[in-house]
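Novice: Sharing a structure below in structure tokens format, with a few things to ask.
The values are calculated or read from the model by the stated rules, or taken from the named source; none is laboratory data. Given the structure is predicted, the values throughout are model-derived calculations rather than measurements. Don't worry about glycine lacking a Cβ; one is built from the backbone with ideal geometry, like all the others, and counts go over all protein chains shown. Calculation scope for accessible area: heavy atoms of the full protein, side chains included, ligands and nucleic acids excluded. Shrake-Rupley method; radii C 1.70, N 1.55, O 1.52, S 1.80 Å.
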Amino acid sequence: MKEDFYEILGISKGASDAEIKKAYRKKAIAYHPDKNPGDTTAEEKFKKAAEAYEVLSDPDKRARYDQYGHQAFEGGGGFGGGGMNMDDIFSQFGDIFGGGGFGGFGGFGGGRGQRRAKGSNLRIRVKLTLEEIANGVEKKIKVKRKVQASGVTYKTCGTCNGTGQVTKIANTILGRMQTAATCTTCGGSGQIIDHRPADADGQGLRVQEETVSIKIPAGVEDGMQLKVTGKGNEAPGNGIAGDLLVAIEEASHENLQREGDNLHYDLYISFSEAALGTSREIDTVSGKVRIKIEEGVQSGKILRLRGKGIPSINGYGKGDLLVHVNVWTPKTLSKEQKEFFEKMAQDDHFMPNPDSKDKSFFEKVKDMFS
């Protein structure tokens, strides 16, 4: 089981943005590769701290994590326990240590001054049926993304000599001070295009259609977003590909209504069926099932089919299917039917006589949420 992100950074769930940033900086300094050369345990802790910070520093991701835990980011990759390499981490989170590098550790390891650009993210929507949501599904989606064109070549940037940074010396009242800034010629990559094929854009990229496989876990909800790492647009040179962000859209079902992990089904029966009892076949997300309706059932009765709802995305079992029994009152009657009901109007068996087993509407609603 994956470690809790808050525990990794050593903070409480109510920690502020500043506290999260401070905690990550402390962990990153303690486990930085330059400070722990060859220590694989320290490197793993360094990656875990970056993973925790990547989620908790983003308000939207943090909210989803607080609600659904690690499963909020499953499906086609996610950040995924060290899924990013060291260059990913330095590229994305190096700015929290300030513009002057990593506080005494050689600007991210001396040779890591060169910044790896990251390609832009792509966003798509995937519509799922209730059956797919209940069982989990793997979708193969065609995506148009930018990739490096075949034949494009790069050369070392002459402005920064491949370092990705330019150094400036300024005279101040405190003396001569040296500062480093990202090279504006290459954008910090240390490379510029040497040869560009005719089908490539100004960055040496071209659009290509690709089929991407997305594993969607059971229990996702409408509006939830999953991430497929590295399947966004590629970056020029030695850059890092962006991500594919997958927004979940829940298709409406003909007979079932979803409420959290529970499902609701409206079952309509006739006066005769209510009086005599019957059995009916109804839809569930795992196929049809036959249920028995006892004789004398009252309109508004709720039958609970346990475990026939949606699996919890947190792995806490399944919801229930609540069947709402509605006794259908005919809107028109024949002469003979009217005579029958007029005759029965004063019959004791047709007079309302609820007992303790016949719960009120409010008691039924209360039971639904108990």
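Novice: Tell me yes or no: at least one residue of the range 211-218 is open to solvent by less than 50 Å² (accessible area, probe 1.4 Å), at pLDDT 90 or above and not in a strand (DSSP E or B).
Specialist: Looking through the range 211-218, at least one residue is open to solvent by less than 50 Å² (accessible area, probe 1.4 Å), at pLDDT 90 or above and not in a strand (DSSP E or B).
Novice: Still on this model: Going by the conditions given, is residue 212 out of contact with any helix residue (DSSP H, G or I) (no Cβ under 7 Å at 6 or more places or on another chain), over 24 Å from residue 152 (Cα atoms) and not basic (Lys, Arg)? Steps first, answer last, please.
Specialist: Values: out of contact with any helix residue (DSSP H, G or I) (no Cβ under 7 Å at 6 or more places or on another chain): yes; over 24 Å from residue 152 (Cα atoms): yes; not basic (Lys, Arg): yes.
Criteria met by residue 212.
Novice: Something else now. Restricting attention to the range 261-291, and to residues there that are of a type in the set (Phe, Trp, Tyr) and within 24 Å of residue 350 (Cα to Cα), which single residue is least open to solvent (accessible area, probe 1.4 Å)?
Specialist: The extreme case among them is 271.
Novice: Hey, could you check the range 292-303 for residues that are surrounded by 13 or more Cβ atoms within 10 Å (Cβ to Cβ) and over 19 Å from residue 349 (Cβ atoms) and say which is farthest from the chain's Cα centre (by Cα)?
Specialist: 300
Novice: Of the numbered conditions (1) in a loop (DSSP other than H, G, I, E, B); (2) within 19 Å of the chain's Cα centre (by Cα); (3) surrounded by 20 or more Cβ atoms within 10 Å (Cβ to Cβ), residue 316 fails exactly one; give the number of that condition.
Specialist: (3)
Novice: Would you point out which residue out of 68, 53 is aromatic (Phe, Trp, Tyr), at pLDDT below 85, open to solvent by 20 Å² or more (accessible area, probe 1.4 Å) and in a helix (DSSP H, G or I)? Before the answer, list the steps.
Specialist: Numbers: 53 fails: at pLDDT below 85.
Just a single option satisfies the conditions, and that option is 68.
Novice: Identify all residues within the range 308-364 that are at positive phi and modelled with pLDDT of 80 or more; write none if there are none.
Specialist: Looking only at the range 308-364, we keep the residues that are at positive phi, and these are 315, 317.
Within the range 308-364, just 317 meets the criteria.
Novice: Being surrounded by 13 or more Cβ atoms within 10 Å (Cβ to Cβ) and polar (S, T, N, Q) is the filter here, so list the residues in the range 1-43 that pass it.
Specialist: 36
Novice: I'd like to verify a number: residues in the range 1-21 that are within 13 Å of residue 70 (Cα to Cα), of a type in the set (A, V, I, L, M, F, W, C) and free of Cβ contacts under 8 Å to residues at least 12 places away in the same chain, how many?
Specialist: Here is the first cut: in the range 1-21, the ones within 13 Å of residue 70 (Cα to Cα) are 1-6.
This time we only want the ones that are of a type in the set (A, V, I, L, M, F, W, C), so: 1, 5.
Next, only the ones that are free of Cβ contacts under 8 Å to residues at least 12 places away in the same chain stay: 1.
The number of residues fulfilling the criteria is 1.
Novice: I'm checking my understanding of the structure. Among residues of the range 150-190 that are within 35 Å of the chain's Cα centre (by Cα) and open to solvent by 50 Å² or more (accessible area, probe 1.4 Å), which one is nearest to residue 237 (Cα to Cα)? Before you say what the answer is, go through the steps one by one.
Specialist: Step one: list which residues in the range 150-190 are within 35 Å of the chain's Cα centre (by Cα), which gives 150, 164, 182, 186-190.
Restricting the remaining residues to those that are open to solvent by 50 Å² or more (accessible area, probe 1.4 Å) gives 150, 182.
Working: 150: 12, 182: 16 Å.
Out of the qualifying residues, it is 150.
Novice: Kindly list the number of the only condition in (1) over 29 Å from residue 117 (Cβ atoms); (2) among the hydrophobic types (A, V, I, L, M, F, W, C); (3) open to solvent by less than 20 Å² (accessible area, probe 1.4 Å) that fails for residue 251.
Specialist: (3)
Novice: Of the residues 106, 110, 76, which is modelled with pLDDT under 55 and in contact with a strand residue (DSSP E or B) (Cβ under 9 Å, 6 or more places away or on another chain)?
Specialist: Numbers: 106 fails: in contact with a strand residue (DSSP E or B) (Cβ under 9 Å, 6 or more places away or on another chain); 110 fails: in contact with a strand residue (DSSP E or B) (Cβ under 9 Å, 6 or more places away or on another chain).
Sole residue among the options that is modelled with pLDDT under 55 and in contact with a strand residue (DSSP E or B) (Cβ under 9 Å, 6 or more places away or on another chain): 76.
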